[in-house]
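Q: Mind having a look at this structure? Questions to follow.
The values are calculated or read from the model by the stated rules, or taken from the named source; none is laboratory data. Nothing here was measured: the structure is a model prediction, and the numbers come from that model. No Cβ is skipped: glycine too gets one built from the backbone with ideal geometry, and neighbour counts run over all protein chains shown.
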Ligand code: GLU
């Protein structure tokens, strides 16, 4: 059996968003699933669109998510170099083969002349095809003119691993540019040469290339190389599923998600399930599971919805699955200022309590600051709580005072004894937990959410709890 070889071939034209990364991930998984080779190649032949620092950024994203390449940029390999701008001689040699075979010619027209042809076609309401203007006696190509492919228009039927059987007519085949007048090859030419030279077996890419696919097949034939397997990715849609994902709804720099407290493994698992599932109900996958289970045949054709709530939920799942030591290391930069000087063992206890409640690492300050410093009372937390808003100030005061009195009596201060005390308070006050416990929770933390109440109170310590209950009661008087 031939070895499966896939590649990720980004252009250094800006930051990586989830769409780019998904293409790279699916190519990686396809290779790894089959014990094959994953290649990273930089497609930097469009000098006008290049953004400085993008190549570094691309590598950083891949490394962070553990999408390691076996061959390519930095690591090298049998088909080096892996940066297109360093392969110009290779494209020239392949172009020469086409010229010699009568399948490429120098384009003699000025851009203005081509524009006139285009307008003519428009006025006559027909599609503009460059091949209708093929020069009879093209000049010898000296590199100063664009070099064009002499196409052989015909219909195609082909199989796309994701999209199924696809068809096109001869009218979409045209004489496209192979090498531009600046000496750089076009994407259309360079990627075909590179995929052939690098023996890529599966080309996995976005839908924007689908309309050019027949032209690529025409070129494969002219070059007498076997076309690889094609797999076209579905679009990623916004939360509502009604349009393509835009910058506002998540198409941002992948590294921003990490800065916002998402774990790399969450991003990996989330991006993998944008348009793919393993046919079961499983939603959370580790990298190893993805490698075992991934199959291009299970990538869906229709657009995949980018659901930010699912991303948050998934991050919570991954955070919960971390060992406390691992979480402690990763969360270190996210501690609130007030925790900087705290004892490591105390911080570890706080973190153990908070772990189940964290949706992102960035939630840490809101969940824990009150363990390290006296919180500012925020009455709006009570007034915006549906059940508490209904109580009069007097009722609130009575509840807090009874809680204070009952907890003060405790001789042992631990989560169990506190829970027992809270339960009997429910009976003596005749209140529901939703009211009594919420009020105590807010009065002792002044935070929108916190770990389980008895655990929180235990860790805060008796003195601090009684002090805060007293203060809250005074405030409500
Ligand atoms: N350089 C192209 C891009 O970044 C790659 C397309 C492909 O994978 O062939 O969109």
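Q: What number of residues within region 189-216 are more than 16 Å from residue 231 (Cβ to Cβ) and either within 10 Å of the ligand (Cβ to nearest atom) or outside any helix (DSSP H, G or I) (or both)?
A: Residues in region 189-216 being more than 16 Å from residue 231 (Cβ to Cβ) and either within 10 Å of the ligand (Cβ to nearest atom) or outside any helix (DSSP H, G or I) (or both): 5 in total.
Q: Here is a further query. Hey, could you check region 24-35 for residues that are touching a residue at least 40 places away in the same chain (Cβ under 8 Å) and out of contact with any strand residue (DSSP E or B) (no Cβ under 6 Å at 6 or more places or on another chain) and say which is nearest to the ligand (Cβ to nearest atom)?
A: Among those that are touching a residue at least 40 places away in the same chain (Cβ under 8 Å) and out of contact with any strand residue (DSSP E or B) (no Cβ under 6 Å at 6 or more places or on another chain), it is 25.
Q: Can you pull out the residues in region 217-231 that are within 11 Å of the ligand (Cβ to nearest atom) and either part of a helix (DSSP H, G or I) or touching a residue at least 40 places away in the same chain (Cβ under 8 Å) (or both)?
A: Of everything in region 217-231, those that are within 11 Å of the ligand (Cβ to nearest atom) and either part of a helix (DSSP H, G or I) or touching a residue at least 40 places away in the same chain (Cβ under 8 Å) (or both) turn out to be 230, 231.
Yes/no matrix, rows are residues, columns are (1) surrounded by 13 or more Cβ atoms within 10 Å (Cβ to Cβ); (2) at pLDDT 95 or above; (3) touching a helix residue (DSSP H, G or I) at 6+ places or on another chain (Cβ under 7 Å):
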residue	(1), (2), (3)
221	yes, yes, no
242	no, no, no
254	yes, no, yes
277	yes, yes, yes
294	yes, yes, yes
313	yes, yes, no
319	yes, yes, yes
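Q: Follow-up question, since we're still on this one. Read through the list (1) loosely packed, with under 15 Cβ neighbours inside 10 Å; (2) touching a strand residue (DSSP E or B) at 6+ places or on another chain (Cβ under 7 Å), then give the number of the only condition that residue 195 fails.
A: Here residue 195 meets the rest and fails (1).
Q: Tell me, please, whether a residue that is part of a helix (DSSP H, G or I), within 16 Å of the ligand (Cβ to nearest atom) and in contact (Cβ under 8 Å) with a residue 12 or more places away in the chain can be found in region 232-250.
A: no
Q: Sort out which residues of region 251-279 are outside any helix (DSSP H, G or I) and either closer than 22 Å to residue 27 by Cα or touching a strand residue (DSSP E or B) at 6+ places or on another chain (Cβ under 6 Å) (or both), and write them in order of number.
A: Result: 251, 252, 253, 263, 273, 274, 275, 276, 277, 278, 279.
Q: Please go through region 444-463 and pick out each residue that is under 19 Å from residue 409 (Cα atoms), under 43 Å from the mean Cα position of the chain (by Cα) and assigned to a helix (DSSP H, G or I).
A: 444, 453, 454, 455, 456, 457, 458, 459, 460
Q: Can you work out which of the residues in region 1-11 that are more than 9 Å from the ligand (Cβ to nearest atom) and in contact (Cβ under 8 Å) with a residue 12 or more places away in the chain is farthest from the chain's Cα centre (by Cα)?
A: Taking the candidates together, the pick is 2.
Q: Within region 152-163, does at least one residue satisfy the condition of being within 16 Å of the ligand (Cβ to nearest atom) and in contact with a helix residue (DSSP H, G or I) (Cβ under 6 Å, 6 or more places away or on another chain)?
A: Yes, the conditions are met somewhere in region 152-163.
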